[in-house]
Amino acid sequence: MDDLRDKTVIVTGAAGGIGQAIVERFRSAGSRVIAVDIDTTRLAHLAGDNQVELVEADVSDGADADRIIAAATGRLDVLINNAAVLDRLAPVDETTDEQWRHVLEINLTGPFLLCARAVPRMLEQGGGVIVNIGSLAALRGGRAGAAYTASKHGLLGLTKNIAATLGNRGIRANTLCPGGIPTGMPRGGQVSERGATLSGRDRDRPGPGKPEEIASVAAFLASDESSRINGAELAVDGGSSAF
């Protein structure tokens with residue numbers, strides 16, 4: 001994908017798992033990457049050349065969102081909203097107010113804040129691409145707890161609204177929905193017994209994928225090769241959603 005060379009790409013949740021793989025994929029393509037994470041220590045291993053700039057930030061904070069966008073001096077070609085937290089797989093009646101707010105702030109408010117700030121920059125330059133990293137929980141009801149499921153459904157709606165309202169002005173937005181990927185993301189507490197039972201129903205389906213497989217699809221969605229894909233939700237799950 002030669003068209004990714006010299007593009008400026010923001011990647012949130014960049015310190016590990018899918019985010020790290022996305023940073024490395026765009027670095028290898030010759031892009032300039034703004035790698036964002038709240039954990040400075042874990043970000044440090046991404047340093048090493050002038051292609052990657054590290055930004056410590058909380059995506060759910062408006063002032064930090066301003067700093068993230070400002071770090072992309074010049075053009076801002078691609079925004080990849082990957083930062084997210086899991087819930088405890090808890091159903092709605094076991095979800096606390098605090099857990100609900102925390103998950104929604106990171107998983108939905110964060111992408112909104114960055115999209116709201118990135119879009120004006122992209123419109124000024126004639127277009128841009130947004131790739132929101134969703135989940136199979138955006139397409140189904142029993143993959144996660146109430147908070148995480150609601151956050152990913154909301155992210156899907158945000159993506160579709162951006163595509164519908166700004167597609168004719170050069171903005172493409174799509175949701176990439178991974179299946180099971182071992183990323184080490186913390187659960188946010190002890191897993192709910194009922195949630196674990198629901199999750200266990202998937203054990204006979206295709207096994208977990210690799211972060212690098214998600215990164216390759218993210219690069220495709222950011223490239224001109226996917227120029228006709230806008231407002232889509234793309235399940236990257238080895239076929240487990242077909243069961």
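Quick one: length gained pulling Asp61 to Leu123 fully straight, 0.36 nm per residue minus the C-alpha distance? Kindly include the intermediate steps, with their values, before the conclusion.
Values: separation 62, 0.36 × 62 = 22.32 nm, distance 2.31 nm.
So the chain would gain 20.0 nm between Asp61 and Leu123.
How large is the accessible surface of Phe112 in square angstrom, using a 1.4 angstrom probe and rounding to the nearest 10?
110
Find the centroid of the Cα atoms in region 78-129 and in region 1-61, then give the distance between the two in whole Å.
First find each Cα centre; the distance between them is then 17 Å.
Return one number: the angle in degrees, 0 to 90 and rounded to the nearest 10, between the long axis of the Cα atoms of helix 62-71 and the longest principal axis of the Cα atoms of the chain.
Relative to the chain, helix 62-71 is tipped by roughly 40 degrees.
Under the 0.36 nm per residue contour assumption, what length would be gained going from the current alpha-carbon distance of Ala242 and Val92 to full extension? The partial results should precede the final answer.
Working: separation 150, 0.36 × 150 = 54.00 nm, distance 2.60 nm.
Value of the extension gain: 51.4 nm.
Report, to the nearest 10°, how far helix 17-28 tilts away from the longest principal axis of the Cα atoms in the chain, using its own Cα long axis and a range of 0 to 90°.
Result, in degrees: 20.
Averaging sequence separations of C-alpha pairs under 8 Å and six or more residues apart, then dividing by the length of the chain, give the relative contact order as a whole percent. Walk me through the intermediate numbers first.
Numbers: 514 pairs, mean separation 53.0, N = 243.
Reported as a whole number, the value is 22 percent.
What's the carbon and sulfur percent of region 1-100's accessible surface, probe 1.4 angstrom, rounded to a whole number? Intermediate values should be presented prior to the final figure.
Numbers: 2040 of 4250 Å².
With neighbouring chains kept in place, the figure for region 1-100 is 48 percent.
Determine how large the accessible area of His153 is when every protein chain is in place; take a 1.4 Å probe and give Å² rounded to the nearest 10.
Accessible area, nearest 10 Å²: 90 Å².
Rounding to the nearest 20 debye, state how big the charge dipole of region 68-112 is about its Cα centre with +1 on each Lys and Arg Cβ and -1 on each Asp and Glu Cβ.
Working: 3 positive and 7 negative charges, 67 e Å.
Using only the charged Cβ atoms, the result is roughly 320 debye.
Which of rounded, prolate, oblate describes region 33-182, given a ≥ b ≥ c as roots of the alpha-carbon gyration tensor eigenvalues and a/c under 1.5 marking rounded, otherwise prolate only if a/b is larger than b/c? Don't skip to the end; give the middle numbers.
On the way: a/c = 1.97, a/b = 1.33, b/c = 1.48.
Here region 33-182 falls in the oblate category.
Residues of region 1-53: accessible area per residue at 1.4 Å, in Å²?
On the way: 2200 Å² over 53 residues.
I get 41 Å² per residue for this part.
If you line up the long axis of helix 146-166 against the longest principal axis of the chain, both from Cα atoms, how many degrees apart are they, to the nearest 10?
30
The values are calculated or read from the model by the stated rules, or taken from the named source; none is laboratory data. The structure displayed is predicted, hence computed values, not measured ones. Here Cβ is always computed from backbone atoms with ideal geometry, including for glycine, and neighbour counts include all displayed protein chains. For the accessible areas, the whole protein counts, side chains as well, though only heavy atoms, and no ligand, DNA or RNA atoms are used. Shrake-Rupley method; radii C 1.70, N 1.55, O 1.52, S 1.80 Å.
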